[in-house]
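Each reported figure results from applying straightforward, stated rules to the coordinates on display, with no laboratory input. Just so you know, these numbers come straight off a predicted model, no measurement behind them. Heads up, the Cβs are rebuilt from the backbone with ideal geometry, glycines too, and the neighbour counts pull from every protein chain shown.
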Amino acid sequence: MNGALTWTAEVLSGGDWLSLSDAGGSGDALITLDNLANPATWPRSGTVRVSAGGANGSPVDIAVTQAGQPDADGDGIPDAIETTADTDGDGIPNYLDLDSDDDGVSDFWEWLGGYDPYNAAETPALPLRAWPLVLTALLATMAVSILRRAVPAKAAQPRRFS
């Protein structure tokens, strides 16, 4: 095909954190994606569609994956928030300690409930009958965290329209 192709790009999913600097043009171009930092410990995905009128293989959907924040102990709280401090003095830094204030309630559940996981005075009171449900949810959360780490991210492959 002779001449420059006219192309467009649009965000199909992930629009709450993903945007395009340039959404169209003609000829060769570099499409720049802008994104907000991912505050979560799990990756998030979006899709960008690039279309070039009359080009073979057009449109092309491109999967965009943004890594989550590091979470060494898998409790759902980013390491940057937990820090290397050792709140309970047990020799395990908070970012590796599942119960940083040693109050018997995991950091995850305290964080989830709006309590301070680094302050033993803010221990949530849960009735005894709630603990089996809490432990089941914790194990499910940890299993998901392990599975997310076990599945490798797919590398993006450059595409060229002809």
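Laid out as a table, the results:
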| read-out | value |
| --- | --- |
| Under-5 Å amide H pairs with Thr41, H placed in peptide plane, nonlocal only | Gln69 |
| FRET E, pair Asp86, Ala37, Förster distance 22 Å, beta-carbon r, rounded to 0.05 | 0.25 |
| Computed lengthening from Ile146 to Asp116, 0.36 nm per intervening residue step minus Cα-Cα distance | 8.3 nm |
| Protection proxy ranking of 25-37, 57-69 - average other beta-carbon atoms within 10 Å, highest first | 57-69, 25-37 |
| D_trans [Stokes-Einstein, Kirkwood Rh over alpha-carbon pairs] for the range 6-68, 10 °C, 1.306 mPa s, µm² s⁻¹ | 128 |
